[in-house]
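Asks: Below: one structure in structure tokens.
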Amino acid sequence: MKKNMTISIILAIALMLSGCWDKREINELAFVQGIIIDKGQDNNIKLTLHILKPAVLAQSKGGSESGGMGGGGGSAAKPYLIVSEEGATVSKVLSKFNHDLSRELFIQQNEVLLISEKLARSGLKDILDVLTRKNEFRRTSYLLILKGNPEDIIKLPANLEKIPYGDILGAVKRSAKTSTAYVVNVNDFFKALTGGEGIQPIMGVLNILKKSGKPNGISVKDAAIFDKDKFIGYTNPLETSGLLFINNKIQGGTIEVEQSLEGHKCKITLGIVRSKTEVKPVLKGNRLYMEISVTTETTLDEQETTVDFTNSKMINKLEQLANDAIKHRIELALNKIQKDYKSDVFGFGEKIHKRYPYIWKKIKNNWKDLYPHLPVEIKVHSWLARTGITSKPPKF
């Protein structure tokens, strides 16, 4: 009986002590929607945060439902606050924010991290250590270089979304689907940087658009190339497309073809339905080279020509033009990234290491010198799956 009573008392105490030890009330939190990490003065780190104002968001929602944003004719208050702080480390800057703000920072829901070009050129080793070590930061947050002046992001108006970072997040997702930018998250970048030998990281790029000298919009396009943790240069749209083809990251997009067919000047746009790429090292005798094999399914999206694409002969010609266009993009990417930047963002070294470990053991110490001269063979097979509802061009 005494034993049972003791057990009952222990259980009762346990129930009273249980609960959320780290519980935080929503009305005590400052929700961070976007983060810019920049280089401050005297080698300090500068953080700029976009923090949501829940009360203003709620008012604007109520106002829009009753007939207007903010509920009246006056200018509506911005539903976000922009704050900046500098410090020796990211952790110290976050502590400053928590000391100065009336609410505790809540970063876990942040989906976009912007890195200034200036900071990226100096190296991101210490920054990445914080981003991957602290549980406040999501490893799934998109990671982009901010091309241009970080101050311009503060001056951006919100366009389709209530807050600028809503527009940025939408642009990131669209650029991935249309294959106009190389989109990565914190985890992707960190894995490429620390995952082993023979591969370098890549990052997406956020561009600030201006009108009459003032920031008025954004675009997410192209790619930022790194040598270890240091940014070294950008790719242009065609080079970016080639990079995406090589790394099997194509999700959609278009291929534009201009060519004379049967005496007619043709301007044709093909839509990419799906694409698959296999990259492998090949050893023939003493010759080591990389083989890139691309298979792409396309549709005829648009044609500015009188050529009839209902016959197989013209379809075959169009498929060959698509093959040539894809191969050209891949060659442009290789020329810029492999030969000019000398950065192995394709993971050629990693693939050699996996398939021919005994060869990699011999060449790994000289890989940086050997890599720019490594031969690459490109094979492209594309087919036209559909020519659209109207196969023949209209006659006028």
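Asks: Examine segment 143-153 for a residue that is at pLDDT below 85 and in the same structural domain as residue 183 (by TED's automatic domain parsing), and state whether such a residue exists. Let's see the steps before the verdict.
Replies: The first filter runs over segment 143-153 and keeps only residues at pLDDT below 85, leaving 153.
Pick out the ones that are also in the same structural domain as residue 183 (by TED's automatic domain parsing) and you get 153.
Scanning segment 143-153 turns up at least one residue that is at pLDDT below 85 and in the same structural domain as residue 183 (by TED's automatic domain parsing).
Asks: Still on this structure: Considering only segment 281-297, I want to know if a residue exists there that is buried (at least 17 other Cβ atoms within 10 Å of the Cβ), within 21 Å of the chain's Cα centre (by Cα) and modelled with pLDDT of 95 or more.
Replies: No.
Asks: Please work out if residue 67 is in the same structural domain as residue 132 (by TED's automatic domain parsing), at positive phi, modelled with pLDDT under 90 and assigned to a loop (DSSP other than H, G, I, E, B).
Replies: Values: in the same structural domain as residue 132 (by TED's automatic domain parsing): yes; at positive phi: yes; modelled with pLDDT under 90: yes; assigned to a loop (DSSP other than H, G, I, E, B): yes.
The answer is yes for residue 67.
Asks: For segment 92-137, what are the residues that are of a type in the set (D, E, K, R) and in contact with a helix residue (DSSP H, G or I) (Cβ under 7 Å, 6 or more places away or on another chain)?
Replies: Within segment 92-137, 103, 104, 111 qualify.
Asks: If you don't mind, another one. When only residues in segment 181-223 that are part of a helix (DSSP H, G or I) and β-branched (Val, Ile, Thr) count, which is nearest to residue 111 (Cα to Cα)? Steps first, please.
Replies: Initially, segment 181-223 is screened for residues part of a helix (DSSP H, G or I), giving 186-194.
Okay, now just the ones that are also β-branched (Val, Ile, Thr), so 186, 194.
Numbers: 186: 10, 194: 22 Å.
Once the filter is applied, the top-ranked residue is 186.
Asks: What are the residues in segment 250-280 that are among the basic types (Lys, Arg), at pLDDT 95 or above and either buried (at least 19 other Cβ atoms within 10 Å of the Cβ) or under 26 Å from residue 314 (Cα atoms) (or both), if any? Let's see the steps before the verdict.
Replies: We begin by selecting, within segment 250-280, every residue among the basic types (Lys, Arg); these are 265, 267, 274, 276, 280.
Now narrow it down to the ones that are at pLDDT 95 or above: 274, 276, 280.
Listed by number, the residues that qualify are 274, 276.
Asks: May I pose another question? Under the condition of being of a type in the set (S, T, N, Q) and at pLDDT 90 or above, which residue from segment 44-62 is surrounded by the most Cβ atoms within 10 Å (Cβ to Cβ)?
Replies: So the first thing to find is which residues in segment 44-62 are of a type in the set (S, T, N, Q), and the list is 44, 48, 59-60.
Still in the running and at pLDDT 90 or above: 44, 48.
Values: 44: 15, 48: 19.
Filtering segment 44-62 for residues that are of a type in the set (S, T, N, Q) and at pLDDT 90 or above, the one surrounded by the most Cβ atoms within 10 Å (Cβ to Cβ) comes out as 48.
Residue-by-condition table, conditions (1) at negative phi; (2) touching a residue at least 40 places away in the same chain (Cβ under 8 Å); (3) in the same structural domain as residue 300 (by TED's automatic domain parsing):
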site: 202; (1), (2), (3): yes, yes, no
site: 205; (1), (2), (3): yes, yes, no
site: 209; (1), (2), (3): yes, no, no
site: 218; (1), (2), (3): yes, yes, no
site: 226; (1), (2), (3): yes, yes, no
site: 245; (1), (2), (3): yes, yes, yes
site: 250; (1), (2), (3): yes, yes, yes
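Asks: Taking segment 298-332 only, how many residues are assigned to a strand (DSSP E or B) and surrounded by fewer than 16 Cβ atoms within 10 Å (Cβ to Cβ)? Full working, then the answer.
Replies: Residues of segment 298-332 assigned to a strand (DSSP E or B): 298-303.
Now restrict to residues that are surrounded by fewer than 16 Cβ atoms within 10 Å (Cβ to Cβ): 299, 302.
Total meeting the criteria: 2.
Asks: Report every pair of residues separated by at least 6 positions or lying on different chains whose Cβ atoms are under 6 Å apart, first residue within segment 128-156 and farther than 17 Å from residue 89 by Cβ, second at pLDDT below 85 and in a helix (DSSP H, G or I).
Replies: 156/164
The values are calculated or read from the model by the stated rules, or taken from the named source; none is laboratory data. Note that this is a predicted model, so its numbers are computed, not measured. Every residue, glycine among them, receives a Cβ derived from its backbone with ideal geometry; neighbour counts consider all protein chains shown.
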